[in-house]
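For reference, the structure is listed below as structure tokens.
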Amino acid sequence: MKITRVTVTPIAFKDAPLLNAAGIHEPYALRSIIEIETDSGHIGLGESYGDAPALAVLDAVKRELIGLDPFHLNRLREIVRGVVARMSPASAARAELAPGSHASKAVSNAYSAFEVACLDAQARYLNVPLVDLLGGAVRKEVPFSAYLFFKYTEHIDSPYAPDTWGEAISEAQIVEQARRMINDYGFESIKLKAGALEPEHEVACIKALKRAFPGAPLRIDPNGNWSLDTALRMAELLGNDLQYYEDPTPGLEGMAELHRRTGMPLATNMVVTDFDEFRRSVALNSVQIVLADHHYWGGLRDTQQLARMCDTFGIGVSMHSNSHLGISLMAMTHVAASVENLSYACDTHYPWQEPDEEVVKGGKLPIRGGCVQLSDAPGLGLEIDRDQLGKLHELYQTCGIRQRDDVGQMRKYRPDWRNVKPRY
Ligand code: GKR
Ligand code: MG
């Protein structure tokens with residue numbers, strides 16, 4: 001089998017005014033949709049970052065893939081390395097809170113984008129679900145968690161009608177958001193994105209969630225926006241309320257010290273984002289759970305290797321998410337289904353995306369009982385809806401955003417907003 005055509009389509013879709021440690025989401029999130037076609041008539045799909053630096057790498061790599069056998073993933077990695085080495089470092093800038101857009105991740109995230117598409121094509125060629133190329137499913141459904149955000153009612157300047165979620169700032173509003181997510185999707189675990197408002201208020205929201213959903217495992221994620229002192233103080237207030245404490249404070253050393261002084265299980269998608277950081281984290285005992293993300297960990301097979309390493313060192317595994325659509329959700333589901341030691345429900349932003357903004361046929365993928373089901377369909381089991389892809393590509397062309405900038409967006413609300421870390 002040989003690749004005969006590669007398409008990378010940048011898209012944009014509406015994103016809610018979600019608050020985080022950096023600032024606030026812009027009205028549109030960017031992604032790229034990868035399609036490969038082969039001389040055997042098979043196709044392969046992938047989804048990745050849509051920021052300009054990431055797109056530049058994807059575009060440069062795609063030209064070199066014609067003629068490649070999609071089974072030759074080692075050669076794919078070699079091609080990606082070569083292309084990135086030839087590109088100027090300036091083409092690989094970083095976006096706040098999106099580890100995959102860091103310059104150091106250029107190879108792993110571009111490789112991942114095409115690896116998923118190649119694995120999809122391989123699996124379609126063999127007429128098996130993609131997970132079978134990863135050793136087969138150890139579970140047929142993958143659990144995800146309700147991912148709560150503090151948010152405003154609508155974006156500044158009202159670029160479009162307000163979403164149906166409404167404002168979420170108070171304890172009652174956060175509980176209401178959780179209730180809707182749980183009713184609509186059946187999630188059993190709850191994560192609160194924090195680091196945006198006063199830490200005491202964010203902890204009070206966790207307490208309110210605990211009262212409202214006494215059996216649900218809870219996590220809070222301030223994205224490293226709390227100093228060690230604040231993280232220690234909040235740990236005391238939180239007591240035993242959490243399943244894990246996600247990136248409360250910055251740095252491997254800070255996390256190690258926090259764990260040493262509290263004994264709390266710490267999770268991360270910030271301080272362990274590659275194998276070198278993994279090694280250093282093990283030496284320091286910085287984290288007890290790694291939130292993997294195939295988009296920047298170098299694809300589905302490297303994510304399996306990461307899980308294996310976690311197993312070796314007695315570290316838990318789950319998954320991190322940025323704003324994404326169904327191809328990413330399904331790729332996450334296939335790899336998560338193959339990871340025996342997946343110890344917690346995975347993160348996903350998927351419920352935040354609008355029902356009519358999906359690029360796969362049939363619209364948004366169902367999440368039922370908090371889980372995404374694997375099907376027996378070949379590959380990822382997804383087909384592109386060309387009208388929808390065209391519509392979201394047009395939105396990309398007109399939306400005016402080329403790189404995620406939560407800090408800049410917050411300055412539209414608060415011109416004096418500074419990107420301070422840790423803020424509290
Ligand atoms: O979308 O605002 C956001 C999140 O904060 C995201 O950027 C993070 O990467 O969800 C992520 C996390 O768990 O840290
Ligand atoms: Mg996180």
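Values for this structure:
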item: Residue within the range 382-403 that is within 19 Å of the chain's Cα centre (by Cα), within 16 Å of ligand 1 (Cβ to nearest atom) and part of a helix (DSSP H, G or I) present; result: no
item: Test: residue in the range 124-140 that is more than 13 Å from ligand 1 (Cβ to nearest atom), modelled with pLDDT under 95, surrounded by 22 or more Cβ atoms within 10 Å (Cβ to Cβ) and among the aliphatic types (A, V, I, L, M); result: no
item: Output for the range 340-375, where each listed residue is closer than 16 Å to Val138 by Cβ, modelled with pLDDT of 95 or more and in contact with a strand residue (DSSP E or B) (Cβ under 7 Å, 6 or more places away or on another chain); result: Asn341, Leu342, Tyr344, Ala345, Cys346, Cys371, Val372, Gln373, Leu374
item: Hits in the range 181-199 - residues which are assigned to a loop (DSSP other than H, G, I, E, B), within 16 Å of ligand 1 (Cβ to nearest atom) and at negative phi; result: Phe187, Ser189, Ala194, Ala196, Leu197
item: Among (1) more than 16 Å from ligand 1 (Cβ to nearest atom); (2) touching a helix residue (DSSP H, G or I) at 6+ places or on another chain (Cβ under 6 Å); (3) modelled with pLDDT under 95; (4) not hydroxyl-bearing (Ser, Thr, Tyr), the one test that Gly100 misses; result: (1)
item: Count of the range 160-199 residues which are without any contact (Cβ under 8 Å) to a residue 40 or more places away in the chain, among the aliphatic types (A, V, I, L, M), under 28 Å from Trp226 (Cα atoms) and surrounded by fewer than 16 Cβ atoms within 10 Å (Cβ to Cβ); result: 1
item: Candidate set from the range 28-60 (those that are in contact with a Gly (Cβ under 9 Å, 6 or more places away or on another chain) and free of Cβ contacts under 8 Å to residues at least 60 places away in the same chain); member that is nearest to Tyr396 (Cα to Cα); result: Ala54
item: Looking only at the range 200-237, and only at residues there that are under 18 Å from Gln288 (Cα atoms) and in a helix (DSSP H, G or I), the one that is farthest from ligand 2 (Cβ to nearest atom); result: Leu232
item: Subset of the range 267-288 [over 15 Å from Thr312 (Cβ atoms), within 13 Å of ligand 1 (Cβ to nearest atom) and in contact with a strand residue (DSSP E or B) (Cβ under 8 Å, 6 or more places away or on another chain)]; result: Ala267, Thr268, Asn269
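Listed here are the residues, each with its yes/no results for (1) over 25 Å from Thr9 (Cβ atoms); (2) within 16 Å of ligand 2 (Cβ to nearest atom); (3) without any contact (Cβ under 8 Å) to a residue 24 or more places away in the chain.
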{"residue": "Val317", "(1), (2), (3)": "yes, yes, no"}
{"residue": "Gly326", "(1), (2), (3)": "no, no, no"}
{"residue": "Val339", "(1), (2), (3)": "yes, no, no"}
{"residue": "Glu354", "(1), (2), (3)": "no, no, no"}
{"residue": "Val359", "(1), (2), (3)": "no, no, no"}
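The values are calculated or read from the model by the stated rules, or taken from the named source; none is laboratory data. Worth saying up front: this structure is predicted, and the values here are computed from it rather than measured. Glycine also receives a Cβ, built like all others from the backbone with ideal geometry; neighbour counts cover every protein chain displayed.
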